[in-house]
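Scroll down for the structure; my scribbles are underneath it.
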Amino acid sequence: CTRVRTPAPATCSNHPTPTAMQASPAGASLLTLVHRDEGSQWVFSSYDVKRASNSTAKESRRLLPSRGDENKHPRPPRDNSISKNASCSNSTPTLSRNRRKNVSFSDASHVSKSVTPEHFMEEPEAGLCVGTLRWDKDALFPPLPKWPGTPPSFSTPLVLTGWRDYIEVRFPADASGTIRVDPKTLDGLSYPVSLLSAMQRLRLRPPQPGPLNILIIGASSKAEERLLRDSDYWQEIEHFIPSARLIFVGPEIDRPRHRAVEQCGDALRAECFKGTLGDLLREQSHLSPANSLIVGFNTGMGSGLWPLMQSWLPDLLTILRGGFVAVFTCANDYSDLKGETQVFKLLRAKFVLPPQPNAFKAASIVHEPGNGPRPEWSCSSSFVYAVQGCEDSALKLPLPGNDAGNITLEKALKKLARLHKQEQRPSPMP
């Protein structure tokens with residue numbers, strides 16, 4: 001992947017022309033965009049599941065910025081230079097700290113009503129990471145509607161700045177001028193759109209003639225690969241990349257799906273691989289930094305849980321030694337983001353996209369029960385960053401087979417995990 005000037009965004013109206021569409025029932029909507037004469041207003045439904053133990057789900061109240069906060073989401077910078085290395089803007093976006101229930105674009109206020117989400121798993125199955133995709137197997141992901149206007153393309157792209165602008169362009173309004181979005185749609189779309197947004201900030205240009213291989217590491221058949229089976233959300237990539245090949249790779253891919261290949265569109269193909277990134281690269285040696293991009297969603301590899309962190313170390317070394325651009329998202333800052341930043345600093349990784357809030361985080365938040373001031377919480381892809389290679393001054397990473405070097409590194413990582421677990425203090429919940 002190479003760096004290139006970001007083309008100008010496709011133009012769109014802030015008030016889409018009302019068109020007929022099959023809207024979700026109002027009671028099932030997490031957020032509703034209502035167009036009125038005095039302006040547009042987002043209306044949130046209170047999304048809370050009361051539990052006696054384990055976890056609770058609610059909506060992300062900082063999902064969308066207010067009008068005044070939109071300037072905090074700068075568009076990706078323009079750059080005429082082309083380089084083999086990824087790069088990013090020095091400007092870091094920040095999300096609004098507005099904690100009101102209703103995020104409004106006008107002075108009007110609206111009292112939201114409580115709803116109980118259907119098919120939201122209070123007790124996750126074994127191996128399912130909380131805070132990522134907690135919808136049970138009976139939950140249906142609504143299909144994406146056709147683009148109201150001319151769909152974007154690689155030559156006429158839509159610059160991704162946040163949920164508000166994207167939803168207004170992507171989803172048609174009903175006859176009353178209202179846009180309703182199912183919470184499952186936002187939770188699912190957060191995966192591909194977060195990746196596409198990071199690629200724009202990195203100013204990555206896909207290889208020619210392609211395809212761009214997108215290696216989705218740590219993928220699970222209950223989350224990333226499930227969206228491939230049960231939704232058309234990954235196909236959103238077709239509107240931003242001329243040709244792509246998705247490879248869902250991870251030990252949690254269901255064995256019957258191993259090496260399954262399917263054509264998702266004219267220029268989008270997907271396949272599954274049960275195993276580690278190292279296993280995949282040994283089997284498919286043509287995959288390289290020149291034609292591949294790596295992404296890991298909510299991996300937990302900095303959580304402070306030593307067995308999980310230890311299991312990730314070989315693949316992290318493979319990523320850094322190979323010089324791959326790797327994008328990662330985190331489900332919270334106090335545990336995952338802080339820990340992952342410490343891990344990559346230990347490995348002397350070069351951050352090409354500094355850790356920052358993600359404008360396309362999921363809608364659902366999972367948190368521990370009770371009314372404590374700072375419960376433990378997680379919200380899929382709340383933060384994003386990217387690494388590529390190591391700092392120029394860094395010592396060389398131990399090579400495979402260098403037992404002494406790897407043992408020393410494991411000891412340092414284990415100490416980091418222990419201290420990080422002891423020092424974790426939940427941050428304010430979004």
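The values are calculated or read from the model by the stated rules, or taken from the named source; none is laboratory data. All figures in this text were calculated on a predicted structure; none of them were measured in a lab. Methodologically, a virtual Cβ is constructed for each residue, glycine included, from the backbone with ideal geometry; neighbour enumeration extends over all protein chains shown. Just the protein is used for accessible areas: all its heavy atoms, side chains included, with ligands, DNA and RNA removed. Shrake-Rupley method; radii C 1.70, N 1.55, O 1.52, S 1.80 Å.
State which residue pairs qualify: first residue over 15 Å from Q310 (Cβ atoms) and inside the range 416-429, second residue in a helix (DSSP H, G or I) and among the polar types (S, T, N, Q) in any location, beta carbons under 6 Å apart, and separation of 6 or more residues or different chains.
As it stands, the answer is Q424/S335, since those pairs meet every condition given.
Residue under question is S231, and the condition is that it be among the hydroxyl-bearing types (S, T, Y) and in contact with a Ser or Thr (Cβ under 9 Å, 6 or more places away or on another chain); does it hold?
Against the criterion (among the hydroxyl-bearing types (S, T, Y) and in contact with a Ser or Thr (Cβ under 9 Å, 6 or more places away or on another chain)), S231 qualifies.
Over 30 Å from L196 (Cβ atoms), open to solvent by less than 30 Å² (accessible area, probe 1.4 Å) and assigned to a loop (DSSP other than H, G, I, E, B), is that true of P369?
Judged against the criteria, P369 is not a match.
Restricting attention to the range 137-194, which residues are part of a loop (DSSP other than H, G, I, E, B), under 25 Å from N298 (Cβ atoms) and open to solvent by 40 Å² or more (accessible area, probe 1.4 Å)?
K137, D138, L140, P143
Of everything in the range 375-427, what is surrounded by 12 or more Cβ atoms within 10 Å (Cβ to Cβ), assigned to a loop (DSSP other than H, G, I, E, B) and under 24 Å from the mean Cα position of the chain (by Cα)? Give them in sequence order.
Scanning the range 375-427 gives P375, E376, C379, S380, S381, S382, Q424, P426, S427.
Return the only residue of L316, L320, L347, L353 being in contact with a helix residue (DSSP H, G or I) (Cβ under 8 Å, 6 or more places away or on another chain) and farther than 25 Å from S190 by Cα.
The match here is L347.
For the range 331-366, give me each residue that is closer than 15 Å to Q424 by Cα and under 19 Å from the mean Cα position of the chain (by Cα).
Once the filter is applied, which keeps residues that are closer than 15 Å to Q424 by Cα and under 19 Å from the mean Cα position of the chain (by Cα), the range 331-366 yields A331, N332, D333, Y334, S335, D336, L337, K338, G339, E340, T341.
Restricting to the range 136-181, name every residue that is of a type in the set (D, E) and in contact (Cβ under 8 Å) with a residue 24 or more places away in the chain.
D165, E168, D174
Mind counting the residues in the range 213-245 that are closer than 24 Å to W312 by Cβ, assigned to a strand (DSSP E or B) and over 15 Å from the mean Cα position of the chain (by Cα)?
The total comes to 2.
Considering only the range 277-296, how many residues are farther than 16 Å from L313 by Cα and assigned to a strand (DSSP E or B)?
2
If only one of E262, E271 is touching a Phe, Trp or Tyr at 6+ places or on another chain (Cβ under 8 Å) and open to solvent by 10 Å² or more (accessible area, probe 1.4 Å), which one is it?
E271
Mind listing whichever residues of the range 325-342 are in contact (Cβ under 8 Å) with a residue 60 or more places away in the chain and touching a Leu at 6+ places or on another chain (Cβ under 7 Å)?
Those that are in contact (Cβ under 8 Å) with a residue 60 or more places away in the chain and touching a Leu at 6+ places or on another chain (Cβ under 7 Å): V325, V327, Q342.
Could you tell me whether F328 is assigned to a strand (DSSP E or B), open to solvent by less than 60 Å² (accessible area, probe 1.4 Å) and out of contact with any Cys (no Cβ under 7 Å at 6 or more places or on another chain)?
Against the criterion (assigned to a strand (DSSP E or B), open to solvent by less than 60 Å² (accessible area, probe 1.4 Å) and out of contact with any Cys (no Cβ under 7 Å at 6 or more places or on another chain)), F328 qualifies.
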